[in-house]
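Working notes, structure below.
The values are calculated or read from the model by the stated rules, or taken from the named source; none is laboratory data. None of the values given here were measured: they were computed from a predicted structure. Every residue, glycine as well, gets a Cβ built from its backbone with ideal geometry; the counts of neighbours run over all protein chains shown. The area values use the complete protein model at the heavy-atom level, side chains included, leaving out ligands, DNA and RNA. Shrake-Rupley method; radii C 1.70, N 1.55, O 1.52, S 1.80 Å.
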Amino acid sequence: MEQSGILNATTKSSNGWLNGFIGVLLFAGSMPATKMAVKDLDPIFATAARAVIAALLALACVIALREKRPTKEQMWPLIKVAIGGVIGFPLLTAMALEYITSAHSLVFMGMLPLSTAIFAVFIGKEKPKPIFWLFSLIGSALVIGFAFSQGVSSNPIGDILMILAIILCGQSYAEGAKLSKTLGGYQVISWACIISLPLTVPIMIYTVPTDLVLVSGESWFGLFYISVVSMFLAYIFWYKGLAQGGIATVGQIQLLQPLLGMILAATVLNEKVSPTMLYVTFGVILCVAASKKFAK
């Protein structure tokens, strides 16, 4: 019985890391896609529209699958997920990308695993070992150092917006992961988007572009990606992974997101992948693996 319990725990942890990786893989295109979206679309409209589109998908799912409504006890955590993940992070990053490059935003995305881990301690009551924090700091330093080495531009307004975005996102991830243990993975982001509709629909209508014809196909594609993939599909895997494998530990997979985004940019935009990028990627993978091994 004891061996079976250990095996089940190991399987659950492995599934958590797999789901977490799929979520990060889908999230990797978020910043480039957001940059594409705000090229011709107002950041406020893009934020509201992505939330509304995701909410419509979510509403279709919960109706089709006849999901139960959240309890009164689950509503406040859902509101906090909505504030951080549905509205706060998307809006602040969209606004920041008007002042800084997507490359510079990767500096701050490298801080997201630490933000998530810190909130996991306070919200999820997790207690990672000291060695976990060591590898977490090393991985974050590798990502941030590499981003700075690429010669990124800086703007105080953009930097402040990104810092606030990372704080809200870490809080949202931790809160959503904890809630997904009782409500379910996809239900968390679904209900968070749905309860945001009274706010997001009016904002979307009020900020809709006066001439939609002038909006480029690139911006529409960016909006599609951040709405369907970043705001809905990625969260399904991400919250499930955090709930299965632990918020702080699985959250370290986010260290791969900036590098995956750079690789994606190299593939789509034909940008050169330097040997340094490959070395940093290998180093980050080692840190993620070490975080997984020494987390508990």
### Task
Multiply the residue gap between L56 and T207 by 0.36 nm, knock off their C-alpha separation, and tell me the result in nm, one decimal place.
52.5 nm
### Message
Please give the charge dipole size of the range 36-180, origin at the Cα centre, charges +1 on K and R Cβ atoms and -1 on D and E Cβ atoms. Round to the nearest 20 debye.
### Response
640 debye
### Message
If I ignore ligands, DNA and RNA and count only protein heavy atoms, how much of W191 is accessible to a 1.4 Å probe, in Å² to the nearest 10?
### Response
30 Å²
### Query
Short version: ³J(HN,Hα) in whole Hz for each residue of the range 38-54, in order, from phi by Karplus 6.51 cos²θ - 1.76 cosθ + 1.60 (θ = phi - 60°), x for Gly and Pro, what are they?
7, 4, 10, 10, 5, x, 5, 5, 4, 5, 5, 5, 5, 5, 5, 4, 5
### Task
Between A64 and N15, with labels modelled 7 Å along Cα→Cβ, what's the label distance in nm to one decimal, could you check?
2.2 nm
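Given a Förster distance of 35 Å, report the FRET efficiency between L137 and W76 from their Cβ-Cβ distance, rounded to the nearest 0.05.
Numbers: r = 32 Å, r/R0 = 0.92.
So the FRET efficiency works out to roughly 0.65.
Sorted by accessible area (1.4 Å probe), largest first, how do F135, F122, F108, F221 line up? Spell out each step's value before the answer.
Details: F135 50, F122 145, F108 15, F221 105 Å².
Heavy-atom accessible area, descending, gives F122, F221, F135, F108.
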### Task
For the range 54-103 and the range 182-219, write down the distance between their C-alpha centroids in whole Å.
9 Å
